[in-house]
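Down below is the structure, laid out as structure tokens.
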Amino acid sequence: MLANIAFIVIGLVGLLMGGEWLIRSASRLATSLGVPTLVIGLTVVALGTSMPELVVSFSAALGGVSDIALGNVVGSNIANLGLILGLAGLAAPLMIHATLVKREIPVMVVMSILVFIMALDGQIHRLDGAVLLISYVIFTITLYRANSTKTRTSDVTEEVAEEVAEEVAAIEGEPVKVNPVRELVTLIISIGVLIVGAQFIVNGAVNIARTMGISELLIGLTLVSIGTSLPEIATSVIASLRGHSDFAAGNVIGSNIANLLVILGATSVIQPIPVPIQVIQIEMPVMIIFAVAIIPLVLNRRLERWQAALLLSAYLMFLIYVFLQN
């Protein structure tokens, strides 16, 4: 028991360090390359912080523990919207980029419904997984093309460039000299630290839960999904506190899309995933409800603290319901 608690503590330290490094390196990298931070948050950061879900889901599927694999993805998506956006919005009101409202959030809703339809026959098949993976490739290509014009990049890039310049100058006392290669290496290392930290926490939490006789589906929906979402929590809350709303919101929405299309897609291509009736009747509809509920909350392109509190309260109610049902 003490060893598992130690794993959790070490993992938390790794998440805090990795989240701080990731925000700094991704901000500087976006500035040096002239890429909007929203795009970095929706792709590189979102996919990177979703790696724990990929690692856990792969190992669970190959180990025959499909309940953990599926519960991990569905539970993580609910946690991303309820827990992470809630915490990030409580830390500081979030400014929501217009393209998130018009494009990425609707994509998340549509993909959530698509996965639900795929699961209605009781299994997510290899063909379903291939369709999800192809959809992510199309989404990523469309995203980069849509953000390649000067009008889409100038405002956000200039704003972030000024913020990063002021921040680094205050720390280092000299003008900013961004080295793209160095920042890319730091970005990769920070993602690695986040993944390792998340694994430490997940392993410790799962071991403790299993000694208490908790079901694998419940573990996947709660402890594992929250544990593998900890990189997003660390990244989004730190980004929110630093005023990088594009990272905070873009990371959450991008991670949800990546979870559905990449994590679930790749896992089901390797090993078809059986879907318990409980997930079809309860957890997947809840995932869709959270995704749809985000739209009216951000129509004015701002998530206030009271709205974030609503999301967090709804997530806590979901957790209580799941524990009572299981």
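The values are calculated or read from the model by the stated rules, or taken from the named source; none is laboratory data. Quantities reported herein were computed from a predicted structural model and do not represent experimental measurements. Neighbour counts are summed over all protein chains in view; Cβ atoms, including those assigned to glycine, are modelled from backbone coordinates with ideal geometry.
Within the range 210-240, restricting attention to residues that are part of a helix (DSSP H, G or I) and farther than 18 Å from Leu81 by Cα, the residue that is modelled with the lowest pLDDT is Glu216.
Look at Ala291 and say whether it is modelled with pLDDT of 90 or more, aliphatic (A, V, I, L, M) and out of contact with any His (no Cβ under 9 Å at 6 or more places or on another chain). So Ala291 fits the description; yes. Whether a residue is more than 20 Å from Lys102 (Cα to Cα) and either surrounded by fewer than 18 Cβ atoms within 10 Å (Cβ to Cβ) or touching a Phe, Trp or Tyr at 6+ places or on another chain (Cβ under 8 Å) (or both) was assessed, and Ile238 does not pass this test.
With respect to being touching a residue at least 40 places away in the same chain (Cβ under 8 Å), under 18 Å from Ala234 (Cα atoms) and within 13 Å of the chain's Cα centre (by Cα), Gly89 falls outside the description.
One line per residue, one yes/no per condition, for (1) part of a helix (DSSP H, G or I); (2) surrounded by fewer than 24 Cβ atoms within 10 Å (Cβ to Cβ); (3) in contact (Cβ under 8 Å) with a residue 24 or more places away in the chain:
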| site | (1), (2), (3) |
| --- | --- |
| Gly243 | no, yes, yes |
| Ala249 | yes, no, yes |
| Ile257 | yes, no, yes |
| Ile282 | yes, yes, yes |
| Val292 | yes, yes, yes |
| Asn300 | no, yes, no |
| Ala309 | yes, yes, yes |
| Val322 | yes, yes, yes |
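Considering only residues in the range 96-135 that are among the small types (Gly, Ala, Ser) and over 12 Å from Ile257 (Cβ atoms), the one that is surrounded by the most Cβ atoms within 10 Å (Cβ to Cβ) turns out to be Gly129. Ile277 satisfies every condition listed in (1) surrounded by fewer than 24 Cβ atoms within 10 Å (Cβ to Cβ); (2) in contact with a helix residue (DSSP H, G or I) (Cβ under 8 Å, 6 or more places away or on another chain) except (2).
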